[in-house]
């Protein structure tokens, strides 16, 4: 019998995850374009898998590995294991500390306020393209030193690469983005600018054998941080607003108690995880995972979305509830590969939601929520559009 395919159950993969969880913690599934893999769907098994040193991120541990494929840009933290992972993470970790993110708050707020000021006082707009997208794109491009004129096309390549409409379009986006990043890296050499990419370029220029960053790793790190630094946050902001607008009691609670905005973001991360599953990991040896035998070389994915709705840990898991108590979600992963940008994503989302609700007291969904399209890839899930209405007498036909 052919392994089940998660994408076949879109737009609500949580029904699929619930059915799998009822049968056990680990299952063989078919991932379109990648073949069969083991999928981990319970929280306990997910935490164990995320910290199991026998599951490696380096694709060379795959039994089917021949090359890194046509869409890989350089080599980055998601594709490596210690000690290389430790070395690469150390190079950028200082840019994502709580103190550094706190210092960015005024700039993030200013960007959000500028975007809100450009929205019409009444009518309907797509909140993704007008707010949830440009906010994190501007923040990460500021941090990385991407020129303002290049940001729109950069995002177009990035979006096509992580959620390709076709293999051909994905390959084309990878080639274009790779060429752009290579040229941007070239421009940074000797420019003396104060940004994250310039710091990485400087690290790559240390004379061998002390060089902490190869040219391949430099390209890979640039790709990972720029793409991961905004794609997931776009999904987080739009999913949080969507959850609030489709749960009016929780929206009213947040309006009454604005200090719950952090809780709203955390519950959104659990309820609508923007990263649905980890990158593929590969068994470096035959192992037992939650009672399932995994052969050496097998691919494994950990479903962060499924783990964060495990009813054994989250009572009434399909309910969006700001006052939820209990264990933390796994939306940012766990262990060595815990998301480095988690503090930035949390800060951006909390600021974006707080200022949006302050600016738009009559904010409402401008369409039937069942008609919304969720874009899904192997790793990510997010809204393509989120039509919202401003003003008590706004006309749903005034699309902006």
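The values are calculated or read from the model by the stated rules, or taken from the named source; none is laboratory data. Not measured: the values here are computed from a predicted model. Note: ideal-geometry Cβ built from the backbone for every residue, glycine included; neighbour counts use all protein chains shown.
The number of residues in the stretch 102-134 that are farther than 28 Å from residue 202 by Cα and touching a residue at least 12 places away in the same chain (Cβ under 8 Å) comes to 23. Name the single residue that is surrounded by the most Cβ atoms within 10 Å (Cβ to Cβ) among those in the stretch 109-130 being within 22 Å of residue 227 (Cβ to Cβ) and in contact with a strand residue (DSSP E or B) (Cβ under 8 Å, 6 or more places away or on another chain). By that ranking, first place goes to 127. Does residue 286 satisfy the criteria of being surrounded by fewer than 15 Cβ atoms within 10 Å (Cβ to Cβ) and either over 14 Å from the mean Cα position of the chain (by Cα) or in contact (Cβ under 8 Å) with a residue 60 or more places away in the chain (or both)? When the stated conditions are applied, residue 286 passes them.
Scanning the stretch 298-353 for residues being closer than 21 Å to residue 27 by Cα and outside any loop (DSSP other than H, G, I, E, B) gives a total of 9. Checked against (1) more than 30 Å from residue 52 (Cβ to Cβ); (2) more than 18 Å from the chain's Cα centre (by Cα), residue 83 passes all but condition (1).
Looking only at the stretch 145-161, residues that are surrounded by fewer than 19 Cβ atoms within 10 Å (Cβ to Cβ) and not in a loop (DSSP other than H, G, I, E, B) come to 7 in all.
For the stretch 28-54, the set of residues classified as assigned to a strand (DSSP E or B), under 20 Å from the mean Cα position of the chain (by Cα) and within 12 Å of residue 289 (Cα to Cα) consists of 39, 40, listed by residue number.
Scanning the stretch 109-136 for residues that are under 22 Å from the mean Cα position of the chain (by Cα) and either more than 24 Å from residue 245 (Cα to Cα) or in a loop (DSSP other than H, G, I, E, B) (or both) yields one hit, 133.
When the stretch 240-278 is filtered for residues that are surrounded by fewer than 17 Cβ atoms within 10 Å (Cβ to Cβ) and assigned to a loop (DSSP other than H, G, I, E, B), the ones remaining, listed by number, are 246, 257. When the stretch 95-131 is filtered for residues that are touching a helix residue (DSSP H, G or I) at 6+ places or on another chain (Cβ under 6 Å), at pLDDT 95 or above and more than 21 Å from residue 365 (Cα to Cα), the ones remaining, listed by number, are 108, 109, 111. Go through the residues of the stretch 347-355 one by one and say whether even a single one is touching a residue at least 40 places away in the same chain (Cβ under 8 Å) and either under 20 Å from residue 19 (Cα atoms) or surrounded by fewer than 19 Cβ atoms within 10 Å (Cβ to Cβ) (or both). So far as the stretch 347-355 goes, no, none of its residues is touching a residue at least 40 places away in the same chain (Cβ under 8 Å) and either under 20 Å from residue 19 (Cα atoms) or surrounded by fewer than 19 Cβ atoms within 10 Å (Cβ to Cβ) (or both).
Candidates 168, 183: the one that is more than 25 Å from residue 386 (Cα to Cα), modelled with pLDDT of 85 or more, out of contact with any helix residue (DSSP H, G or I) (no Cβ under 9 Å at 6 or more places or on another chain) and in a helix (DSSP H, G or I) is 183.
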